[in-house]
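What follows is a single structure, written as structure tokens, with notes after it.
The values are calculated or read from the model by the stated rules, or taken from the named source; none is laboratory data. Small disclaimer: the values here were computed from a predicted structure and weren't measured. We place every Cβ from the backbone using ideal geometry, glycine too, and count neighbours over all the protein chains shown. The area values use the complete protein model at the heavy-atom level, side chains included, leaving out ligands, DNA and RNA. Shrake-Rupley method; radii C 1.70, N 1.55, O 1.52, S 1.80 Å.
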Amino acid sequence: MRFNDAVFGIILMVFAAVVMIHAETTFPGLPGQDFGPAFFPVIIGGVLFACGAVLTVQGIAKRRTSPLASMGDWVRSPGHVLNVVLVIASLVFYVLVSDTLGFIPTSILIIALLTRRFGRGINFALSSAVIVTLLIHTAFYIILRVPLPWGILQPIAW
């Protein structure tokens, strides 16, 4: 399905406004600091809002030549529809099982499945899933200090 840019522009502006309002009203201030934890989310929200405004203006300008929404050719292809469903199901699967199973096993399963589904061999799918998972884990857990769930790997957590 193809949507006019104005639709996504409005959605992006609403999302940006929610992010900015949430950051400003719920993030604590830091005593003696001009900038607190809300600073970067508000800046990013402002940039997203501006991008949404540009998309909206472009979409309104194109509205005369393109419909508000139209179906793409991929919608008639069961394989492409299955791919979209698998990506969405993978996200739901991660949300439901990552606390129990852990980030590393869950991520390896999802990446291997999707890589295999999108046409790569089993060896490539498994090796790339392990490498990408470890790179993501390193970036988030070690460098950015974002706590990721260990799940069944808790006994060997580092």
Being in contact with a Phe, Trp or Tyr (Cβ under 9 Å, 6 or more places away or on another chain) and in a loop (DSSP other than H, G, I, E, B) is the filter; apply it to the stretch 34-48 and report the residue that is modelled with the highest pLDDT. ALA38
Residue check, THR100 more than 17 Å from the chain's Cα centre (by Cα), open to solvent by 30 Å² or more (accessible area, probe 1.4 Å) and at pLDDT below 90: no
Just give me the residues in the stretch 1-23 being part of a helix (DSSP H, G or I), open to solvent by 80 Å² or more (accessible area, probe 1.4 Å) and either modelled with pLDDT under 90 or touching a His at 6+ places or on another chain (Cβ under 9 Å) (or both), in sequence order. none
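Just a yes or no: is a residue in the stretch 119-133 assigned to a helix (DSSP H, G or I), open to solvent by 80 Å² or more (accessible area, probe 1.4 Å) and touching a residue at least 24 places away in the same chain (Cβ under 8 Å)?
First pass over the stretch 119-133, keeping only residues assigned to a helix (DSSP H, G or I): 122-133.
Subsequent filtering for residues that are open to solvent by 80 Å² or more (accessible area, probe 1.4 Å) retains 122-124, 126, 131.
After this cut, where a residue has to be touching a residue at least 24 places away in the same chain (Cβ under 8 Å) as well, the list is none.
Checked against the condition, which is being assigned to a helix (DSSP H, G or I), open to solvent by 80 Å² or more (accessible area, probe 1.4 Å) and touching a residue at least 24 places away in the same chain (Cβ under 8 Å), the stretch 119-133 yields no hits at all.
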Yes or no: VAL84 at pLDDT 90 or above, farther than 28 Å from PRO147 by Cα, open to solvent by 40 Å² or more (accessible area, probe 1.4 Å) and of a type in the set (A, V, I, L, M)? yes
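Within the bounds of the stretch 52-72, is there any residue that is under 30 Å from VAL130 (Cα atoms) and surrounded by 14 or more Cβ atoms within 10 Å (Cβ to Cβ)?
Initially, the stretch 52-72 is screened for residues under 30 Å from VAL130 (Cα atoms), giving none.
No; the residues of the stretch 52-72 include none that is under 30 Å from VAL130 (Cα atoms) and surrounded by 14 or more Cβ atoms within 10 Å (Cβ to Cβ).
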